[in-house]
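FYI, it's all coordinate maths here, none of it is from the lab. This structure is a prediction, so every number in the text was calculated from the model and none was measured. Quick reminder, even Gly has a Cβ in these numbers, built from the backbone with ideal geometry, and neighbours come from all protein chains shown.
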Amino acid sequence: MHVGQQEGRWGVDAALTNVEVSPWQHAPGGGPLDAWVQARDFRGRVLFSSHGDSTLYFPEFFADPMQLRRAEGEVEWVYDGPNTMVSGKRLSVDWDGAQVVGGFGLITGNQRGHFGLDLDFSEVDALERPLAQWLPLSVMDDDLRDWLLDDIGGYVTEGSLQLSQPLGNDVTTEDFTATLELAITQGHLPIAPGWPSLDDVKGRLIWQDRVLEAEIEHAQSHGVTASEGELVMENDTLNLSGQLQADGTALTAFLQTMPDIDLSQLSDLSVTGDVNGDIALSLPLDIPEALQLEINALPRFSEVVYQPLDLPLQAVEGDLAWLQNGESRGLVGEASGQLLGGEIAADFNTQRDAIALQGNLATSELFELAGVSGRQGRLPLEGQLQWQGNISLLPTPTLRMDSRLMGITSRLPDPLPRLPSSHGL
């Protein structure tokens, strides 16, 4: 250490080891660090480094000290009358494996001031640890902080953080500005309480002006693939939208994970084909039971088999929507296909406890299902049977069907025989 005066100016040159510094105003603290200090009158500079475990702490912004494996940088200060200026330059740290570079600036004096922080991130491995530990949670709203702490993670290939905080007695939270942008791969985040998470997320997470946005290039959940997605959290409400694509197996697996509805009977279905659609979700974080959800789907299935009866439904197409608004929920839309040598169409409105059915079928296929083959002789009824029906879901699912047997040739004993031109039995 050297302390002295030259040409009327006081100076200090010192090499220090294992230095620990407490946070001051908004300037960070931390340590232990090795430092080279140079000071001349009212200004000075510190070059610091650490090649072992140390910390860096911005208590006004980050909930916990940064746990560092390596650190180096430069801090300068200038005292100019009523003002004090402190700046951090060329900061470079290994923060729990993440590489972070940047700087900060602090000006204080006359009961006013300003603090700014500018950091660039790369190689943030939040696959097994919460991403939130690298985020400035202390300046985020409570609901956003809680959401970020709810099993959100991934690998951040690159990112940046800029914070700007005016200082003074008349400063409000509205004066604070921040921009956080992260490019994420292999990410995971929740959809809504009780719902399965989105996995394999690739996209960008942006927090600016207290609004969180996520641009989702790709994600999947139980095999259902999402693309062109957007997540926005603003005013304590989470909104999610995007395009969906799945094959039949993935679709049935995802539907069985939906909360508060028992769809275990879907395990009896074998579905071959694809479905395309979209999702729109709005979730008030303080009132999760007020969830609003719309999932639109365009199924194109070559075959759907009800396995207990080995009954195939073929060439299934439709336009369906799952609608949920709080406690009200249900399936609406139309679907059609081929069944037992004929056609079947369904009109769904489960919110009104209604599924309307209509179609036609070949009587030979119906007798075949009952174990009676036309190869054994002429069948008692022949032709295409026109029918209609409905399914009531409450209190238990009940199917009602009827037919006037129009278009059926009867080979029953007199007085019952009918010709195809008959108007029913």
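Points worth noting:
- A simple spin-label model places the labels of residue 272 and residue 64 5.3 nm from each other, with each point 7 Å out along Cα-to-Cβ.
- Length gained on full extension, residue 51 to residue 155, computed as 0.36 nm times the residue gap minus the Cα-Cα distance: 35.0 nm.
- For the chain, the dipole from Cβ point charges (+1 on Lys and Arg, -1 on Asp and Glu) about the Cα centre works out to 820 debye, to the nearest 20.
- Virtual spin-label span in nm between residue 289 and residue 256, 7 Å along Cα→Cβ: 2.9 nm
- Per-residue ellipticity at 222 nm computed for the chain from its helices equals -1500 deg cm²/dmol, with DSSP H segments shorter than 4 residues left out and the rest contributing -39,500 (n - 2.57).
- Scattering profile of the range 245-389 at q = 0.12 Å⁻¹ [log10 I(q)/I(0), Debye over alpha-carbon scatterers]: -0.60
- Spacing of the two label points (7 Å from each Cα toward its C-beta) at residue 315 and residue 345, in nm: 1.4 nm
- Global geometry of the range 167-313, whether rounded, prolate or oblate, following the gyration tensor of its Cα atoms and the 1.5 cut on a/c: prolate
- Global geometry of the range 153-204, whether rounded, prolate or oblate, following the gyration tensor of its Cα atoms and the 1.5 cut on a/c: oblate
- Residue 329-residue 211 FRET efficiency (beta carbon distance; Förster radius 45 Å; 0.05 resolution): 0.95
- Comparing 87, 159, 127 along the charge dipole axis of the range 32-167, the residue lying farthest to the positive side is 87, per the Cβ-charge model.
- Exposed loop sites were defined as GluC sites (Glu not before Pro) in DSSP loop states (anything but H, G, I, E or B) carrying at most 10 other C-beta atoms within 10 Å; in the chain the longest segment without such a site runs 129-326.
- Placing a label point 7 Å from the Cα of residue 204 along the Cα-to-Cβ direction, the residues of the range 140-158 with a backbone N closer than 16 Å are 156-158.
- Gyration tensor (alpha-carbon) shape descriptor, the range 1-125, a/c threshold 1.5: oblate
- Here the contact order of the chain, divided by its residue count and restricted to Cα pairs under 8 Å and six or more residues apart, works out to 6 percent.
- Exposure here means at most 16 other Cβ atoms within 10 Å; with trypsin sites (Lys or Arg not before Pro) in a DSSP loop as sites, the longest stretch of the chain lacking them is 1-377.
- Taking every C-alpha pair closer than 8 Å and separated by at least 6 residues, the mean separation divided by the residue count of the range 243-303 gives a relative contact order of 36 percent.
- Within-10-Å neighbourhood charge of residue 154 [Cβ basis; K, R +1; D, E -1]: -2
- Dipole of the chain, positive direction: furthest Cα of 241, 39, 169, with charges on the beta-carbon: 241
- Computed from backbone phi, the HN-Hα couplings of the range 340-355 come to 6, x, x, 10, 9, 10, 10, 10, 9, 8, 6, 5, 9, 6, 9, 9 Hz, rounded to whole numbers (Karplus: 6.51 cos²θ - 1.76 cosθ + 1.60, θ = phi - 60°; Gly and Pro given as x).
- By the count of other C-beta atoms within 10 Å, a proxy for reagent exposure, 261, 216 are ordered fewest to most as 261, 216.
- Among residues other than residue 354 with Cβ under 13 Å from its Cβ, the summed charge is -1 (Lys and Arg +1, Asp and Glu -1).
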